[in-house]
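One structure is given here, and the rest of the page talks about it.
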Amino acid sequence: MSRVGRAPITVPAGVTVTIADGNLVTVKGPKGEMQRTFNPSLTIKQEGTELLVTRPNDSKEMRSLHGTTRALLHNMVVGCHETFTKTLQVNGIGYRVEKKGNAVTMKLGYSHDVVVEEIPGITMEVPDANTIVVRGCDKQAVGQFAAVIRGKRPPEPYKGKGIKYADEVIRRKEGKTGAKKK
């Protein structure tokens, strides 16, 4: 059996989980509400404050769906109880970020400012001129939105300029040497 799929999901206080027909799972919590339909072959049961995911047989498809379904369900419960965050750092001379309303304006060395607006379910914070914090209850949406922002100016390997994740390590390359021509 899948080690991930076999583990029960503990539902914290303040979070309610509703399982409807066709494995439509709704999770409501203090930080938001999420809804997702899972494969109807799998069985999702709530026993007290725990959620259990079981599979009908040991076919390859069911084995792969078992752990994935449990992980997605766990991320829904955690996201509605506490938000997921991604921190981005902006590095470079003259590169800076500021928040105006629900949009973030970035000066990234282009001839124009780059403006990114918040989408429903995702919020952005700018604690200082070189940091962006992306928050939301959907782990996949937070990661995707952070990747879109990072894609506006990915970090380059020579000087390290650009937008990078806070925990990302940029492999630096050595520049050209001053070899003389004959």
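Readers should treat all values here as calculations from the given coordinates under stated rules, not as data from a laboratory. Because the structure is a prediction, the values reported are computed rather than measured. Reconstructed Cβ throughout: ideal geometry from the backbone, glycine too, with neighbour counts over all protein chains shown.
Determine ³J(HN,Hα), in whole Hz, for all residues of segment 73-81 in sequence, where each value follows from phi through the Karplus function 6.51 cos²θ - 1.76 cosθ + 1.60 and θ = phi - 60°; x replaces Gly and Pro.
5, 4, 5, 5, 5, 5, x, 7, 8
Do any of Lys31/Lys139; Lys152/Lys173; Lys107/Lys173; Lys28/Lys139; Lys31/Lys86 go past 19 Å between their Cα atoms, and which?
Lys152/Lys173; Lys107/Lys173
What length, rounded to one decimal in nm, is gained on full extension from Thr16 through to Thr131, with 0.36 nm per residue of separation minus their alpha-carbon distance?
38.0 nm
With a cut-off of at most 16 other beta carbons within 10 Å, and DSSP calling the residue loop, which GluC sites (Glu not before Pro) in segment 1-70 qualify? Please list them.
Within segment 1-70, no GluC sites (Glu not before Pro) qualify (loop, at most 16 other Cβ atoms within 10 Å).
Quick check for me: using +1 on Lys/Arg Cβ and -1 on Asp/Glu Cβ, what's the dipole size of segment 29-175 about its Cα centre, in debye to the nearest 20?
540
Take every Cα pair under 8 Å in the chain that's 6+ residues apart, average their separations, divide by the length, and report that relative contact order as a whole percent.
18
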